[in-house]
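The values are calculated or read from the model by the stated rules, or taken from the named source; none is laboratory data. Remember, it's a predicted structure, so these values are computed and weren't measured experimentally. All Cβ positions, even for glycine, are placed from backbone atoms using ideal geometry, and neighbour counts span all protein chains on display. These accessible areas exclude ligands, DNA and RNA; they are computed on the full protein's heavy atoms, side chains included. Shrake-Rupley method; radii C 1.70, N 1.55, O 1.52, S 1.80 Å.
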Amino acid sequence: MDDPRRQSAQPDYDAFAPLLDGPWYTDEHRAFRESVRRFVEAEISPHVDAWDEAGAFPRELYKKAGQMGLLALGYPEELGGVEADPFFALILQQEVARAGSGGVPASLFSSGISMPPVAHFARDAVRRTVVPQVLAGDKIAALAVTEPGGGSDVANLRTTARRDGDDYVINGEKTFISSGMRADYLTVAVRTGGEGAGGISLLLVDGDAPGLARTALKKMGWWCSDTATLYFDDVRVPVERLVGKENQGFHAAMVNFNGERLSLAALCNGFALVCLEEAVNYARQRHTFGRALITRQAIRHKLATMAQRIRATQAYIERTAWAMGEGRQPAADIALLKNQATETLEHCAREAVQIFGGAGYLRGAKVERIYREVRVMAIGGGAEEIMRDLAANQLGF
Amino acid sequence: MKVLVPVKRVVDYNVKVRVKADNSGVELANVKMSMNPFDEIAVEEAVRLKEAGTATEVVVVSIGPKQAQETIRTGLAMGGDRGILVEYDAETEPLAVAKLLKAIAAEENPDLVVLGKQAIDDDCSQTGQMLAQLLGWSQGTFASKVTPGDGTVDVTREIDGGLETIQLKMPAVVTADLRLNEPRYASLPNIMKAKKKEIAMKTPADYGVDMTPRLSTERVEEPPERQAGVMVESVSDLVAALKEKGAL
Ligand SMILES: Cc1cc2nc3c(=O)[nH]c(=O)nc-3n(C[C@H](O)[C@H](O)[C@H](O)COP(=O)(O)OP(=O)(O)OC[C@H]3O[C@@H](n4cnc5c(N)ncnc54)[C@H](O)[C@@H]3O)c2cc1C
């Protein structure tokens, strides 16, 4: 262990190698991982730094992902989807995480949070035209729930949609909307009825609807993801664009969160794995006081603790994915899992940057970006505090 | 037109191979295996011929362990129609593989056999040539372009100092070079479809081929080790380090 040359002769550490080992994984999962890995290595990883600096990735990436079927996971075949168990979504997220950019999946997969309600609950004519275009990567879709007045308290949102003949007329503001600048379709949560959860509906709005204005937001991370505030000023939407039943949108939005949170947890643990991999490889090369950094107990213990937390999180992810694949909606576990994953990521990002020292603070290091992108994972898709409340309620505490 | 594409399961091109402790070979336990990259190019070419309406069926063949089924499935997910696995656990040698492929060709009657120009594990670059010889068919090796005509196929070959285009009478054997095409990533729908495609399971005995090795490996050694690198923190550190070494 003390011979630094022996350390450097080792092959690069592959933190992802232990994944996909378990009773739930099949040859199709492995083939999918292989294919996505190559796609990410060729089409995403080489570009993420430039895309982040440019503030966007090319629109054609949606098309490329669409051709690979990456946007079609879990949707019915009649809509251009590929029926696939939840493990495919985990694999997709974790392979995309290897590029070390949160901005790419945030926008590239925004359809993953906006289209499920449309596919399941929209009028047939609407879902049959809209969903296939989005899954093919020809159109971009976003979900607009959060408002300047609040994101966690969805039941009290204030954007209104008033019925006027065969139209709804929308007024209000949405903010922090991923893909908000480029979206062709927006699944918007609006108030159509009285106070609280029972007065909320989902409407599908065209990106070029008259009266809709958008402004871009600058952020701590996720630079290549277009995040926007949307202003609705008498935006008219035909009643056929109601997704599900009037005033029953809250439940649809909540069920939708379950899939989102599982994916976010997988993405987080993917980033944590990148942190571990980068840290091990760096510590093997880096020599301080005449020895490889990885020979120091303080560093080895950091690495072991990272691996410990990541593996525990991965086991929880897979267990929860299995339950969802069985048709259950284990809301408490999904909420706790999301926190487990964001806390693991927070820990691993911190330790990885620390092990890198100054080099981890520089733009261009994967761990630098991941570190900057920890907080949004702990806030978006349900903030940690809200997740704990939800779990406590679900568990009957 | 029917195309037969033999594919080999090899150590993944990203893996840094390590020599076994007893110097008898390279470590294969727990090492990632994939389709030989040149064979991927061969599959891609066959699938493109099918998509262009030139080929009607693409059969993917492998000779290797049970896990080589996964390699065949990769070919099927890229667009192959069905597979044949000749199960054989030990190391394969070009001549025995060529003999098996000859027997399979006799059964399948392909118009074209497209192979990779070599496998990245042993780098032999012999199987295609041996197969053509055993079958008595024309061969176009190191192809960078393949254009089938009426009963013939034009093959542009990468040779020293340039390109050579030859016309072969079909049936023919073609081996794929790196620049022939860029293989696609298998899409999710095609991965799912590949699950339902048929793979026939065979053994060398089914074809009456003797697999006894004709080569023996004496000793495998690591190339000389490179000195460990150092990380520098900044451009000025780099310049200072280069100066110190007398490189600047
Ligand atoms: C980059 C980015 C992209 C996003 N993309 C989208 C998108 O595409 N679509 C979309 O609809 N939204 C999106 N969001 C919004 C996100 O979902 C919200 O930020 C999140 O739900 C939290 O809402 P908030 O920011 O309004 O915080 P608040 O609800 O104001 O909460 C502030 C803090 O207080 C805590 N808190 C709130 N209530 C309680 C309580 N009762 N008890 C204890 N603590 C509490 C919260 O946990 C949080 O820490 C995005 C956000 C970001 C940052």
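Some observations on this one:
- Flag set for residue A:240, criterion: at pLDDT 95 or above, in a helix (DSSP H, G or I) and not assigned by TED's automatic domain parsing to the domain that holds residue A:364.
- Against the test of being of a type outside the set (Val, Ile, Thr), away from the ligand (no atom under 16 Å from the Cβ) and either surrounded by 15 or more Cβ atoms within 10 Å (Cβ to Cβ) or closer than 22 Å to residue A:181 by Cα (or both), the options A:231, A:282 yield a single qualifying residue, A:282.
- Among the residues listed as B:223, B:183, the single one being farther than 24 Å from residue A:38 by Cβ and either within 12 Å of another protein chain (Cβ to nearest Cβ) or modelled with pLDDT of 95 or more (or both): B:223
- Test: residue in segment A:112-119 that is within 15 Å of the ligand (Cβ to nearest atom) and part of a strand (DSSP E or B): no
- Of the numbered criteria (1) at pLDDT 95 or above; (2) in a strand (DSSP E or B), the one residue B:34 fails is (1).
- Only residues that are open to solvent by 40 Å² or more (accessible area, probe 1.4 Å) and in contact with a helix residue (DSSP H, G or I) (Cβ under 9 Å, 6 or more places away or on another chain) were counted in segment A:57-76, giving 3.
- If the condition is being part of a loop (DSSP other than H, G, I, E, B), touching a strand residue (DSSP E or B) at 6+ places or on another chain (Cβ under 9 Å), open to solvent by 30 Å² or more (accessible area, probe 1.4 Å) and modelled with pLDDT under 95, then segment B:5-31 contributes B:13, B:14, B:15, B:17, B:18, B:20, B:27, B:28, B:31.
- In segment A:363-397, the residue that is nearest to residue A:275 (Cα to Cα) out of those that are more than 12 Å from the ligand (Cβ to nearest atom), open to solvent by less than 40 Å² (accessible area, probe 1.4 Å) and out of contact with any Lys or Arg (no Cβ under 9 Å at 6 or more places or on another chain) is A:367.
- Among (1) within 22 Å of residue A:278 (Cα to Cα); (2) open to solvent by 40 Å² or more (accessible area, probe 1.4 Å); (3) among the aromatic types (Phe, Trp, Tyr) - the single one residue A:24 does not satisfy: (1)
- Among the conditions (1) under 30 Å from residue A:386 (Cβ atoms); (2) outside the structural domain of residue A:204 (by TED's automatic domain parsing); (3) surrounded by fewer than 20 Cβ atoms within 10 Å (Cβ to Cβ), residue A:126 misses just one, which is (1).
- Residues satisfying the stated conditions in segment B:66-93, i.e. open to solvent by less than 10 Å² (accessible area, probe 1.4 Å) and assigned to a helix (DSSP H, G or I): B:68, B:71, B:72, B:75, B:76, B:77, B:78
- Close pairs from segment A:67-79: first within 10 Å of another protein chain (Cβ to nearest Cβ), partner of a type in the set (Phe, Trp, Tyr) and buried (at least 17 other Cβ atoms within 10 Å of the Cβ), Cβ under 8 Å, at least 6 apart: A:68/A:39; A:68/B:185; A:70/A:39; A:71/A:62; A:71/A:109; A:73/A:88
- Out of A:325, A:358, A:382, one residue alone is within 30 Å of residue A:223 (Cβ to Cβ) and either in the same structural domain as residue A:55 (by TED's automatic domain parsing) or touching a residue at least 24 places away in the same chain (Cβ under 8 Å) (or both). It is A:382.
- Subset of segment B:42-61 [within 14 Å of another protein chain (Cβ to nearest Cβ) and buried (at least 22 other Cβ atoms within 10 Å of the Cβ)]: B:43, B:60
- Close pairs from segment A:111-138: first of a type in the set (Asp, Glu), partner not in a helix (DSSP H, G or I), Cβ under 9 Å, at least 6 apart: A:138/A:184
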